[in-house]
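Some notes on the structure that comes next.
The values are calculated or read from the model by the stated rules, or taken from the named source; none is laboratory data. Small disclaimer: the values here were computed from a predicted structure and weren't measured. Every residue, glycine as well, gets a Cβ built from its backbone with ideal geometry; the counts of neighbours run over all protein chains shown.
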Amino acid sequence: MKDNSARTSAASGHLPVSGPTQSPSWNILKRCVAVVGLAVVAMAGAAIIFTDGAGVVSVLFGSVLVMAFFGLSLLAGHLFARTRPEAVMGIFIMTYFVKVLGFGAVLFYLGTPGWLNRPWFAGAAVACVLIWQATEVVIFSKQRFLFFNDVQTPAKGAVDPATEPEGEGS
């Protein structure tokens, strides 16, 4: 018994060689912002139903802080990957410290404003961190990276002088 269902599923003809994903940090950033943005809309909707305007503002404030600090590293990775790809890991480490210290500095500097609804702020911030990280891991796992700089095979008919046998051609 043969499985004939796969016969029409493959593309006919020559398939091009696939390469690395173009701008992986930018792709991850866009998708994380989109997924977390949907979650923020849902949390703000819940805050409208269960609390007052301070709950909604607290949800927005917590989520914007998380999105700004988490997006910082991906944006820096995207910008530096084009000009200095060898420095991207160092940039990610540096932006990690900026995230931790900057997030703490913002919270320390602001203190606790009177309008802040602590449970909604904390819940939104934690939810955004978890959703952002899960989305980042899933999208990152689907990216393609070029680990080896393989030499391209020459086009048909092109002769490489190094492989031509001696005594022929001259």
Residue count for segment 35-71, restricted to those that are within 13 Å of Ala127 (Cβ to Cβ), surrounded by fewer than 20 Cβ atoms within 10 Å (Cβ to Cβ) and of a type outside the set (A, V, I, L, M, F, W, C): 1
Check on Ile93, at pLDDT below 90, of a type in the set (Val, Ile, Thr), under 18 Å from Trp26 (Cα atoms) and surrounded by 13 or more Cβ atoms within 10 Å (Cβ to Cβ): no
Test: residue in segment 72-87 that is surrounded by 17 or more Cβ atoms within 10 Å (Cβ to Cβ), more than 18 Å from the chain's Cα centre (by Cα) and under 17 Å from Val35 (Cβ atoms): no
Selection within segment 103-119 - surrounded by 15 or more Cβ atoms within 10 Å (Cβ to Cβ) and either out of contact with any helix residue (DSSP H, G or I) (no Cβ under 7 Å at 6 or more places or on another chain) or at pLDDT 85 or above (or both): Leu116, Asn117
